[in-house]
1. Which far-off residues, 5 or more places away or on another chain, put their amide H under 5 Å from the one on L101, with H placed in the peptide plane?
2. Hey, what's the per residue convex hull volume over the C-alpha atoms of the chain, in cubic angstrom?
3. How far apart, in nm, are two points set 7 Å out from the Cα along the Cα-to-Cβ line at I3 and at Y124?
4. Would you please name the trypsin sites (Lys or Arg not before Pro) within the range 72-131 that are DSSP coil residues with at most 14 other C-beta atoms within 10 Å of their C-beta?
5. Once phi is turned into ³J(HN,Hα) by the Karplus curve 6.51 cos²θ - 1.76 cosθ + 1.60 with θ = phi - 60°, what whole-Hz value does each residue of the range 265-278 show in order, with x for glycine and proline?
6. Throw me the Rg/Rh for the range 2-161, computed over C-alpha atoms with Kirkwood Rh, two decimals.
7. Helix 510-520 against the longest principal axis of the chain: what's the angle in degrees, Cα atoms only, rounded to the nearest 10?
8. Of K193/K254; K174/K218; K31/K174; K182/K218; K31/K182, which pairs sit farther than 23 Å apart, going by alpha carbon to alpha carbon?
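Nothing in this text is a laboratory measurement; each read-out follows from the coordinates by a stated rule. Everything numeric here is computed off the predicted structure, so don't read it as measured data. Virtual Cβ from ideal backbone geometry, glycine too; neighbours counted across all protein chains shown.
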Amino acid sequence: MQIHHDISNLPSFRSAVITFGSFDGLHLGHKEIFEEMKVLAGQCEGESIVVTFEPHPRQVIYPNDRSLRLLSSKEEKMHLLQNSGVDHLVFCPFSVEFSQLLPDEYITNFIIKRFHPRYIVIGYDHRFGLNRGGNIDFLKSYEEEYDFEVIEIEQQIIEKIQISSTRIRNYLQKGNISMANKLLGHAYPLVGKVVEGHRIGERLGYPTANIALSNSLKLIPPEGVYAVRVELEGKRYDGMLYIGTRPTVTSDGKRSIEVHIFDFSDDIYGKQICVEIIDFIRKDMTFQNLEELRHQLDLDKRDVQTSLSETSINTVKAAVVILNYNGLNHLQKFLPTVFRCTNQAKYQVIIADNGSTDESVKWIAETYPECRVIQIEHNKGFAGGYNEALKLTNAEYYLLLNSDVEVTNHWLEPLVDFLESNPLVGACQPKIKSLDHRDNFEYAGAAGGLMDALGYPFCQGRILSEVEEDCGQYDEIKEVFWVTGAAMCLRAELFHKLKGFDSDFFAHMEEIDLCWRMKQAGYQVAYIPNSVVYHKGGGTLSYLSPRKTYLNFRNGLSLLLKNEKGLKLLWLFPLRLVLDWIAVVRFLVVREGGNALAVIKAHGYMIANFLRSWSKRKEVLRISNKHRVDKDNTATGRYQGSIIWEFFVLGKKRYADLSRIQSKSAV
């Protein structure tokens, strides 16, 4: 990429494809414009040119406004665009005189005279010229006269992926680095020169590089310690960043920005350094003495290394992870469809073998040698097995897929694309239809999971045992309460930050537990109907099995103890125990003694492990607060009545018969 600082001395561009703007932060919306420019430049054998203004226009137009905080300095824009594939970056001086250009003068004296464009690529709401008087229609009126074409980034595309700089600033100011980075599409950078410090870090065994930023308006995250990656002279290192006033060692109140680079001891004074902020570790603290501070730094380093290992950059876009336990028959029948319908160039297929004793692993090695197999020494159930396997899986997104699922063409792209475009969505699922009755929904997930007021899960398309025919009634994207583990697409980083599945669940409802925790942290979960899969249903464990009855009743109570709001739990938990005993009586009446005994055993487990389950509430709350991205979202997808009452007493067997769902038709 060539960088131009002198607007009066530009080269003659070949079939210029240009865009204009401040591009503060160079976030995902800006990158959509750059991608379109590169495609057009390739088609016309031209050159892509990003024109940005320096200083930021608000600094010139509103010189007394002290509220402006920039997401990217001039140096950071150069750094972020260096490997973008754009051919030219032009810095245009923004002055009072430039701001007074009328829209027609802006087009003729600036755009045409300087760049002679073949294409101009801008967003649908772009404004230019004095008092922002020019718009896209005004610009298009000059197309024929000056032989260029305006390419508009349509509103729906912008709304799909564009993230406002204001929203990113809000997340950064709250210390929510993870969310800000997702909206940016890259780690938030701090670029500056290394300057002399007080060398206190050397005495503590943690020498630091003090950073003087190049722009005083640069937005600095809150004071504290952060996990970072450092780029210096073309090499990358891990490190931990401190932002604060060093209250333990000085009282001058001056803010310091300093980074300790792991396994590094070179003299770098006066050199430019780029620090990419990956994660927030802790707030700034005051210590009684340097020994206490040194001990805390030891703990910080451990936490930073853990965080950085969980956000490894050596990832694929998405990994389809199939958990297998003695499922040779299922693999032989369904794995071929996974390989046939999954783009191997973009996505990785992994079998996580949960200690199988059949010929599963051998068959995979012989039939699909390209398939990666993660072997777990013994069966740890759905929850524990996936926890172990996903520790060894580097991907931005995980698609957890049952071994008894038949996928369809282009089944994965809608799920991954939806998560890519909606950073507040933590997980989503496809439409789940029955393999044996292909016009019907399938019990495990159907068209997205919901929860009633008493904590009983059900689905669009399936209430208790009643499954609906798919007549297109649930063909809208919808925010729900939980998504099925049979085909669950989720953010890898979020999975690990929320500590994955609860291994004590072993199998069944662990996905509901995870989704509940996501929603407590402000995330959404969604149903995506244009992705369709067919599930065998009961292929791994029969729906009528007493073992499944035991897990459902046991885990249903654990789910409430961990996640339900405290005041509600005071009356709900005793009521659920009573309802469980009614279920025992019903099982006995219909001569299902095995299921009745399973419920009794589930209660025995809860009595023995009540304190263990109760203690998890505090940890759930701590983790949810630490990784919160928005207000608690657990009301969405909750039915305000009882599906037990509706189903057995009022005879309502279809989702459409219910009337008090708090849900959204689109995310």
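1. Residues meeting the criterion, in which the H sits 1.01 Å from N, are L130.
2. Output value, Cα hull per residue: 198 Å³.
3. Using points 7 Å along Cα→Cβ, the separation is 3.5 nm.
4. Listed in order of number, the matching sites are R127.
5. Taking θ as phi minus 60°, the curve returns 9, 6, 7, 10, 4, x, 8, 7, 9, 10, 10, 9, 7, 9 Hz for the range 265-278.
6. When Rh is taken as the Kirkwood radius, the ratio is 0.93.
7. Rounded to the nearest ten degrees, it is 40.
8. Over 23 Å apart, Cα to Cα: K31/K174.
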